[in-house]
Amino acid sequence: MNDVRVRFCPSPTGNPHVGMVRTALFNWAYARHTGGTFVFRIEDTDSARDSEESYQALVDTLRWLHLDWDEGPEVGGPYAPYRQSQRLDVYTRAAARLLDEGKAYRCYCTPEELEAQRDQARKENRAPGYEGTCRNLTSEQIAAYEAEGRSSVVRVRMPDHEWQWNDLVRGDITIAADQVPDFVIVRANGEPLYTLVNPVDDIEMRISHVLRGEDLLSSTPRQLAMYEHLGAPVPQFGHLPYVMGEGNKKLSKRDPQSNFNTYVEQGYLPEAMANYLALLGWSIGGDQEFFSLTEMAEHFDVKDVNASPARFDLKKCTAINGDWIRALDVEDLASRMIPFLQRDGILPAEVSEEQHALLLAATPLVQERMETLGQSGGMLGFLFAGEEFTVDAEDAEKILTEQGHEVVRTAAEALQDLPDFAAEPIQQALREALVDGMGIKPKLAFGPVRVAITGRRVSPPLFESMELLGRDESLQRLRSVLAD
Ligand code: GLU
Ligand code: ZN
């Protein structure tokens, strides 16, 4: 291990979202590429918004993606604990030190006073922000406020100079001193804020590179001030580009597209999600768009991250998922489909050997066209339906016309004594009976058979499906359509 130490430090509020997961991925890849350390830290100091459920979802998401962390919850490490709610004494000490050294001060302004300040600034066309009212209170003034029973927050005194850093993604950045007013680090109720806990832990945990979303760029000067006040070496910063959604608007947490769980639930593969998220701001080189986590780690450098906004393209994400599905071997794909088939009530909790064999045989039939594992049920349900098999009413009405019935009747007759009930002979027999015998075009000829056998107009390859169902079941399905 070398000195590269990166961190992923989400707040456990709500569902994991796409932008957040991309941040985790890029930090992980940078750590693995450099042989550094990937720290996972939970920023849960906002008891009103944080939840245990959301914490668990974050842990599950990293595990699901195979983004292993070297230090963090459930793993431990030299700077444990890694949940900020368990580290409050660290922040209390840091705030006390800043107060002691005059680098922070107590601010007694009421919300109404602050609001009035902001209104006034807006009227005068100045940027609204704290104007330093309590910066230099005398001990008499402080005593008077205390006697009044006013509560106070802790504010950091911003050094009076401009803020500069060389961003690993965005290059040189300069922010003028007057853009960054004194800011609050501890609430009146004593709760430490992100502005305190984040840089304090980054210092304590020896973080060398801060890689995070561009939405946090504006907090960098405040963090630089904290490093200055606390006399700590400054890490390198890299701000990852915004992720845009539909209509070229920033993907927001509230966008359904941004909820990471939906991809898990719809049967996107972890490999595919990692692959696609990697493309949001990075490329492995050339026009290669299909690669594994291992390949990403081998090639990933923050310096190659593109500063311009990345677009989340669901179609492309889904296409990459399809590519990954095709890259799996049959057994692997079959076993990944099982939970989805169970979820849809197509397979029982205990899959029998027979069902498993049928699934294995059917998997190659759907592998070519499947885009998400969530489609397993829709594609394969007819094979496992048994007595509960039904034909889609709408498709039946369209396809099982009078001629459709005639086709099905002829098909049943042609198949009933077929010596070898296998895909190839089935196809031949049906061709002879329907296309040659009845003079119907293949498309029209096989449609009614397909609906009778699979229940739908769109299905896995028909003749192979019939072979898997076997003669008895196939004939029974054909005949039961005729009986309706
Ligand atoms: N807890 C912060 C967030 O979730 C972390 C930001 C950072 O990476 O500095 O936005
Ligand atoms: Zn004040």
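The values are calculated or read from the model by the stated rules, or taken from the named source; none is laboratory data. These numbers come from a predicted model, not from an experiment. We place every Cβ from the backbone using ideal geometry, glycine too, and count neighbours over all the protein chains shown.
Within the stretch 97-154, take every residue that is within 10 Å of ligand 2 (Cβ to nearest atom) and among the β-branched types (Val, Ile, Thr) and give me the one that is surrounded by the most Cβ atoms within 10 Å (Cβ to Cβ). Looking at the filtered set, the residue picked out is VAL153.
Of the listed requirements (1) closer than 30 Å to THR34 by Cβ; (2) crowded, with 20+ Cβ neighbours inside 10 Å, SER376 misses just one: (1). Which residues, counting only those in the stretch 168-194, are of a type outside the set (A, V, I, L, M) and more than 16 Å from ligand 2 (Cβ to nearest atom)? Of everything in the stretch 168-194, those that are of a type outside the set (A, V, I, L, M) and more than 16 Å from ligand 2 (Cβ to nearest atom) turn out to be ARG170, GLY171, ASP172, THR174, ASP178, GLN179, ASN189, GLY190, GLU191, PRO192, TYR194.
State whether the residues of the stretch 16-24 include one that is polar (S, T, N, Q), crowded, with 18+ Cβ neighbours inside 10 Å and in contact with a strand residue (DSSP E or B) (Cβ under 8 Å, 6 or more places away or on another chain).
Our first condition is that a residue be polar (S, T, N, Q); within the stretch 16-24, this holds for 23.
With the extra rule that they be crowded, with 18+ Cβ neighbours inside 10 Å, the set shrinks to 23.
This time we only want the ones that are in contact with a strand residue (DSSP E or B) (Cβ under 8 Å, 6 or more places away or on another chain), so: 23.
Within the stretch 16-24 (the criterion being polar (S, T, N, Q), crowded, with 18+ Cβ neighbours inside 10 Å and in contact with a strand residue (DSSP E or B) (Cβ under 8 Å, 6 or more places away or on another chain)), the answer is yes, since at least one residue qualifies.
Can you pull out every residue in the stretch 86-96 that is within 20 Å of GLY231 (Cα to Cα) and either crowded, with 17+ Cβ neighbours inside 10 Å or within 15 Å of ligand 2 (Cβ to nearest atom) (or both)? Within the stretch 86-96, VAL90, TYR91, ALA94, ALA95 meet the criteria. Residues in the stretch 103-122 that are closer than 22 Å to GLY190 by Cβ and outside any loop (DSSP other than H, G, I, E, B): 8 in all.
Of all the residues in the stretch 267-298, those that are part of a loop (DSSP other than H, G, I, E, B) and without any contact (Cβ under 8 Å) to a residue 60 or more places away in the chain number 11.
Output the number of residues of the stretch 422-460 satisfying the condition of being under 16 Å from LEU358 (Cα atoms) and surrounded by fewer than 18 Cβ atoms within 10 Å (Cβ to Cβ). Count: 2.
Within the option set GLN355, GLN427, being under 24 Å from ALA334 (Cα atoms) and in a helix (DSSP H, G or I) holds for one residue only, GLN355. For the stretch 202-229, the set of residues classified as among the hydrophobic types (A, V, I, L, M, F, W, C), more than 18 Å from HIS161 (Cα to Cα) and either touching a residue at least 60 places away in the same chain (Cβ under 8 Å) or not in a helix (DSSP H, G or I) (or both) consists of MET205, ILE207, VAL210, LEU211, listed by residue number. Looking across the stretch 239-289, the residues that are at pLDDT 95 or above and acidic (Asp, Glu) come down to GLU265, GLU271, GLU289. Only residues that are surrounded by fewer than 21 Cβ atoms within 10 Å (Cβ to Cβ) and charged (D, E, K, R) were counted across the stretch 208-221, and they come to 2. A search for C-beta distances below 8 Å between a residue of the stretch 108-132 that is in contact (Cβ under 8 Å) with a residue 24 or more places away in the chain and any residue that is polar (S, T, N, Q) and within 16 Å of ligand 2 (Cβ to nearest atom), counting only pairs 6+ apart in sequence or on different chains, returns TYR108/SER151; TYR108/SER152; CYS109/GLN117; CYS109/THR133; TYR130/GLN117; GLU131/GLN117.
Selection of the stretch 4-48 for residues being more than 26 Å from GLU191 (Cα to Cα), part of a loop (DSSP other than H, G, I, E, B) and out of contact with any helix residue (DSSP H, G or I) (no Cβ under 9 Å at 6 or more places or on another chain) yields only GLY35. Residue pairs whose Cβ atoms lie under 6 Å apart, separated by 6 or more positions or on different chains, with the first residue in the stretch 330-348 and closer than 13 Å to GLY377 by Cα and without any contact (Cβ under 8 Å) to a residue 24 or more places away in the chain and the second surrounded by fewer than 15 Cβ atoms within 10 Å (Cβ to Cβ) and hydrophobic (A, V, I, L, M, F, W, C), do not occur.
Kindly check whether there is at least one residue in the stretch 32-54 that is β-branched (Val, Ile, Thr), more than 13 Å from TRP69 (Cα to Cα) and buried (at least 24 other Cβ atoms within 10 Å of the Cβ). Outline the logic, then answer.
Within the stretch 32-54, the subset β-branched (Val, Ile, Thr) is 34, 37, 39, 42, 45.
So of that shortlist, the ones also more than 13 Å from TRP69 (Cα to Cα) come out as 34, 45.
Remaining after also requiring buried (at least 24 other Cβ atoms within 10 Å of the Cβ): none.
No, that holds for no residue.
For VAL186, the conditions (1) over 29 Å from the mean Cα position of the chain (by Cα); (2) more than 14 Å from TRP163 (Cβ to Cβ); (3) surrounded by fewer than 20 Cβ atoms within 10 Å (Cβ to Cβ) all hold with the exception of (3).
The residue of the stretch 29-44 that is farthest from ALA274 (Cα to Cα), among those that are in contact (Cβ under 8 Å) with a residue 60 or more places away in the chain and within 14 Å of ligand 1 (Cβ to nearest atom), is GLU43.
Being among the polar types (S, T, N, Q), outside any helix (DSSP H, G or I) and at pLDDT 95 or above holds for only one residue in ASN136, ASN125, and it is ASN136.
Among the residues of the stretch 49-75, those identified as within 15 Å of the chain's Cα centre (by Cα) and either in a helix (DSSP H, G or I) or modelled with pLDDT under 95 (or both) are SER54, TYR55, GLN56, ALA57, LEU58, VAL59, ASP60, THR61, LEU62, ARG63, TRP64, LEU65.
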